[in-house]
Amino acid sequence: MVDLHAHTTASDGTLTPWELVDLAAVKGVGVLGVTDHDTVAGIPGALERGEEEGVEIIPGIELGAKWNDAGQMHILGYHIDWQDRRLLDQLSWLRGRRRERAQRMVDRLNELGVSVSWERVEELAGSGSIGRPHVARALLESGHVRTISEAFSLYLSPGAPAYLEKVEFTPRGAMQLIRSSGGVPVLAHPATLKLADSQLETCLEGLVSEGLAGIEIYWAKHTAGERAAYGCLASRYNLVATMGSDFHGATKPGIDLGMGFTDEVDADQMLEGLSARRGRKLSAHEVAGDSA
Ligand code: AMP
Ligand code: FE
Ligand code: FE
Ligand code: ZN
C-alpha cells in the first residue's frame, strides 16, 4: 500500500516522524510520502526510521498558495532535495510569517475576551511549523470550545473573528520552489478548491502551463464521482494521479493512514509516474524572480 500525504509533529500532525513510520509499518504502508506544511524537519527522522522498518520514504512538502481573491490551494512537492539551501531559506522565511500570524491571532482572541496563552500555543507547536491547529488545540484545552472543529468555526475559519490570512506564494512561485529543489509539484485535494468542473479545468490548464505534474485524486474525502472526474482531467493533461490520505493523527480524527483505494489504484504506475517527472534541479539564476 502507498500513502503519499501525511503530516507529523514537524507541522500540524500529532505523531512524531518516528511514530508515523511505525504506524505505516503496522498498517502495511510500504511507501510513505512525508508532506508537512512549510517544513522538511520531519524528513530526516522519517528516513532513519523508514530504513529500520522497511518503509520507503518519499521526501515531500505541502505548500499553501494564494490563487485568487477567494481561494487558497495546496501544492504538494515530491522527491524534493530537502537539504537544498534555497528551499530551506524560503521555508524558514515562511515559518517566520506563520509565527507572526499565530501571535496576532492569539492577540485577537485575547481582545475578544477569549483568553489563550501564547506560550501554550508555542509549546503545542514545539519546534514545528506553527498554525491554526495549534491555536485550536489551546482553545480546546482552555475550555473555550468543545471540539477542534468548533474552534475553527467559531474563531479560526475565514470570516470568523480571529482568522487572519497567511502569507503565501503564488501557485507559480510554490511550483518553482519545488522544481528548483528537484521536486515534482502535485495539486493536493482538488475538491477543496470548490470549483465547478469547467472552472477546475481552466484552473488546471493554467497550473500545467506553470509546471504542475500531478493531481491528488485518491484523497480520503473525495467522492467516487470526484475521483472519476479528476481521473479524466489527469489523462487529458497527462498528470500523475496520486493517492494520499492527508493523515494528521488526532487533529483530524476521521482520517486513517493508508486508507485504501487499493482496488482503484495502480501504485507502481503512480510511483513510476512521479519518478519520471523528476527534473534536474534549477540553478538560482534559472529560478525567475521571487517566489513569494
Ligand atoms: P493554517 O496553515 O495555519 O492556516 O492551518 C491550516 C490547517 O488547519 C489545515 O492544514 C488543517 O490541518 C487545519 N484545518 C483547517 N480547517 C479546519 C477545520 N475546520 N477543522 C479542523 N482542522 C482544520
Ligand atoms: Fe494540516
Ligand atoms: Fe492540504
Ligand atoms: Zn495535508
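The values are calculated or read from the model by the stated rules, or taken from the named source; none is laboratory data. Since the model is a prediction, treat every value here as computed from it, not as a measurement. Because the Cβ atoms are built from the backbone with ideal geometry, glycine has one as well, and the counts that use them run over all protein chains shown. SASA here: full protein model, heavy atoms, side chains in, ligands and nucleic acids out. Shrake-Rupley method; radii C 1.70, N 1.55, O 1.52, S 1.80 Å.
Dimensions of the stretch 1-125 along principal axes (Cα, Å, largest first)?
Rounded to whole Å, the extents work out to 50, 30, 28 Å.
Which net charge results for the neighbourhood of Leu200, defined as the other residues with beta-carbon distances under 15 angstrom from its beta-carbon, given Lys and Arg at +1 and Asp and Glu at -1?
Working: positive: Lys194, Arg227, Arg236; negative: Asp197, Glu201, Glu205, Glu216, Glu226.
Neighbour charge sum, excluding Leu200 itself: -2.
Suppose we keep just the DSSP beta bridges with both residues in the chain; what percent of those would be antiparallel, to 5?
40
If I ignore ligands, DNA and RNA and count only protein heavy atoms, how much of Phe261 is accessible to a 1.4 Å probe, in Å² to the nearest 10?
40
About the Cα centre, and with charges only on the beta carbon of Lys, Arg (+1) and Asp, Glu (-1), how big is the dipole of the stretch 30-73? Nearest 20 debye, please.
Details: 2 positive and 9 negative charges, 41 e Å.
Its charge dipole is roughly 200 debye.
Which one, Trp118, Pro44, Gly28, projects farthest toward the positive side of the charge dipole computed for the chain from Cβ point charges (K/R +1, D/E -1)?
Trp118
Mind listing P(r) for the stretch 155-270? All alpha-carbon pairs, 10 Å bins, whole percents.
For the stretch 155-270, the binned pair fractions read 12, 38, 37, 13, 1 percent.
Suppose R0 equals 41 Å; then what is the FRET efficiency for Glu210 and Ser142 from their Cβ-Cβ distance, rounded to the nearest 0.05?
Once rounded, the FRET efficiency stands at 0.45.
Heavy-atom accessible area per residue, the chain, 1.4 Å probe: how many Å²?
43
Only Lys, Arg, Asp and Glu count, each charged at its Cβ (+1, +1, -1, -1), so figure out the dipole size of the chain about its Cα centre, rounded to 20 debye.
Once rounded to the nearest 20, the dipole reads 780 debye.
When only Cα pairs under 8 Å and 6 or more residues apart are kept, what is the percent relative contact order across the stretch 1-141? Working shown, then result.
Numbers: 237 pairs, mean separation 30.7, N = 141.
Contact order relative to length: 22 percent.
In the stretch 103-202, what percent of the accessible surface is made up of carbon and sulfur (1.4 Å probe, ligands and nucleic acids excluded)?
It is 47 percent, rounded to a whole number.
Mind grabbing the accessible area of Glu150 for me, 1.4 Å probe, Å², rounded to tens?
Surface open to solvent at Glu150 totals about 40 Å².
Rounded, prolate or oblate: which one fits the chain, using the alpha carbon gyration tensor with axes a ≥ b ≥ c (rounded when a/c is under 1.5, else prolate when a/b beats b/c, else oblate)?
Values: a/c = 1.43, a/b = 1.33, b/c = 1.08.
Rounded, since a/c falls under 1.5.
Could you please put Trp118, Trp82 in sequence from largest to smallest accessible area, using a 1.4 Å probe?
Numbers: Trp118 35, Trp82 55 Å².
The ranking, largest first, comes out as Trp82, Trp118.
Taking the Cα centre of the stretch 25-175 as origin, work out the dipole magnitude from +1 charges on Lys and Arg Cβ and -1 charges on Asp and Glu Cβ, in debye rounded to 20.
500
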